[in-house]
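The values are calculated or read from the model by the stated rules, or taken from the named source; none is laboratory data. Please read all numbers here as calculations on a predicted model, not as lab measurements. Heads up, the Cβs are rebuilt from the backbone with ideal geometry, glycines too, and the neighbour counts pull from every protein chain shown.
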Ligand code: HEM
């Protein structure tokens, strides 16, 4: 089925999901849950031991906290994973793992454990019920502790499976080769790619987003800790300052080139665009992916030193938008339409023929769109006296081969921005649908 002809079918499916009595995914409806800071929980558990004898319920102790933190959690369970159309949080820790065992049972056991932990941590609880000290003095704590005093801060944890999990070097380690969706093909090489293998690929990815960086790092660290012997960290990336808005409730942030980024992104409040371009339809390919999505990451160095020496005129030509207001060139305000046909002095297009927004626009690409959800990064120096800074680009789409690939091919060939950026890392993952209560991350893949 083409991206265009999916119509209302998926929407109907979503509506049904919403009425089946199960919790909605945090992505589409970041339903507030009463939250606890881990310190409160930690304190309450400690106090609970003392108070239990007196017949005092721990729940009652925590009740006054609900109002205070009610907006800080995003529902974990639901028909889609959270962290996709969830309003983009301010911070990110992304990690890609290699699976280092050949045992399917060990892998599934880890995914079950991870799911339990993810449900707890996204609710603002410690990674395990016995927590930072509950396991006793002579055991390693089952939560590492650095988030104990912190709220969930809208933590979302989103999992994805890379092509190499299904088959690598001709080996089908986990009996998954025939479950690999066609959409999960390796990305082709694009003009100008300078990819570093150590920053690319991976069998499993976890995207942790939160408004508090320590909460995101804590979540990834605890998953990596529990995965010891099954997975090993291949690469990871910290991100700050979201570079997209994914909801009309958010203002448009700026990227490290100083431009508003995310203006014409797909927004959660546009269900038909989300349905057409983000969620996999049951009829698309592999049925285990229905309600899921595909995730493309690109670590893009931004050559900020040459950029900072270019004129404002050149900077605006490159993007096709005004730096201050974010308005398309020739227009007045940020959300004005792109006038791609408008001509200026001497009949030249007002928006350059190679402007980034022109080449990435649906108008130029036969209607294709993607959901962008990236973050800025700075990781020290490149060793040549420059900051190693840029955009950790994240795109969600229903089929990367039909959406991301043609878009990036067009940009890689002609984008005026190409002179100021370098793609150094790349990965693609199949993001399974949301987890229902009692299921685990990937259960639709492993149990069907
Ligand atoms: C460092 C690299 C990049 C920077 C700094 C950047 C920045 C921007 C900015 C400032 C805009 C205009 C505001 C907006 O509508 O969001 C924009 C638009 C857009 N960008 Fe990028 N971008 C980068 C890479 C990419 C890549 C790799 C892709 C996809 C392959 C992409 C896809 C898009 C799309 C689809 C739009 C909206 C175009 C429209 O319909 O107006 N960008 N980008």
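A few notes on this one:
So that you can scan it fast, the table gives a plain yes or no per residue for (1) closer than 17 Å to residue 376 by Cα; (2) modelled with pLDDT under 95; (3) surrounded by fewer than 19 Cβ atoms within 10 Å (Cβ to Cβ):
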| site | (1), (2), (3) |
| --- | --- |
| 226 | no, no, yes |
| 229 | no, no, yes |
| 232 | no, no, yes |
| 288 | no, no, no |
| 296 | yes, no, no |
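- Of all residues in segment 351-367, those satisfying the criterion of being assigned to a loop (DSSP other than H, G, I, E, B) and near the ligand (Cβ under 9 Å from one of its atoms) are 360, 361, 362, 363, 364, 365.
- Selected residue (criterion: surrounded by the most Cβ atoms within 10 Å (Cβ to Cβ)) from residues of segment 368-410 that are near the ligand (Cβ under 10 Å from one of its atoms) and without any contact (Cβ under 8 Å) to a residue 60 or more places away in the chain: 407
- From the list 161, 76, 94, the lone residue that is buried (at least 23 other Cβ atoms within 10 Å of the Cβ), out of contact with any strand residue (DSSP E or B) (no Cβ under 7 Å at 6 or more places or on another chain) and either closer than 27 Å to residue 267 by Cα or at pLDDT below 95 (or both) is 76.
- Of residues in segment 158-196 being assigned to a helix (DSSP H, G or I), touching a helix residue (DSSP H, G or I) at 6+ places or on another chain (Cβ under 6 Å) and free of Cβ contacts under 8 Å to residues at least 60 places away in the same chain, the one nearest to residue 394 (Cα to Cα): 166
- Filter result (near the ligand (Cβ under 8 Å from one of its atoms) and modelled with pLDDT of 95 or more) within segment 240-253: 252
- Residues of segment 320-337 satisfying the condition of being touching a helix residue (DSSP H, G or I) at 6+ places or on another chain (Cβ under 8 Å) and farther than 15 Å from residue 265 by Cα: 320, 322, 323, 329
- Pairs with Cβ under 6 Å, 6+ apart, first in segment 414-429 and in contact (Cβ under 8 Å) with a residue 12 or more places away in the chain and closer than 10 Å to residue 192 by Cα, second within 12 Å of the ligand (Cβ to nearest atom) and in a strand (DSSP E or B): 421/300; 421/302; 422/301; 423/298; 423/300; 424/299; 424/301
- Meets criteria (part of a helix (DSSP H, G or I) and modelled with pLDDT under 95) for residue 132: yes
- Any hit, segment 222-233, residues being away from the ligand (no atom under 16 Å from the Cβ) and within 17 Å of the chain's Cα centre (by Cα): yes
- Selection count, segment 257-270, where residues are surrounded by 18 or more Cβ atoms within 10 Å (Cβ to Cβ) and either in contact with a helix residue (DSSP H, G or I) (Cβ under 8 Å, 6 or more places away or on another chain) or farther than 14 Å from residue 369 by Cβ (or both): 8
- The single condition among (1) within 12 Å of the ligand (Cβ to nearest atom); (2) in contact with a helix residue (DSSP H, G or I) (Cβ under 6 Å, 6 or more places away or on another chain); (3) farther than 30 Å from residue 101 by Cα that residue 299 does not meet is (3).
- From the options 111, 148, 155, residue that is farther than 23 Å from residue 181 by Cβ and modelled with pLDDT of 95 or more: 155
- Spans of helices (runs of 4 or more DSSP H) in segment 250-350 with at least 3 residues over 19 Å from the mean Cα position of the chain (by Cα): 304-308, 312-319
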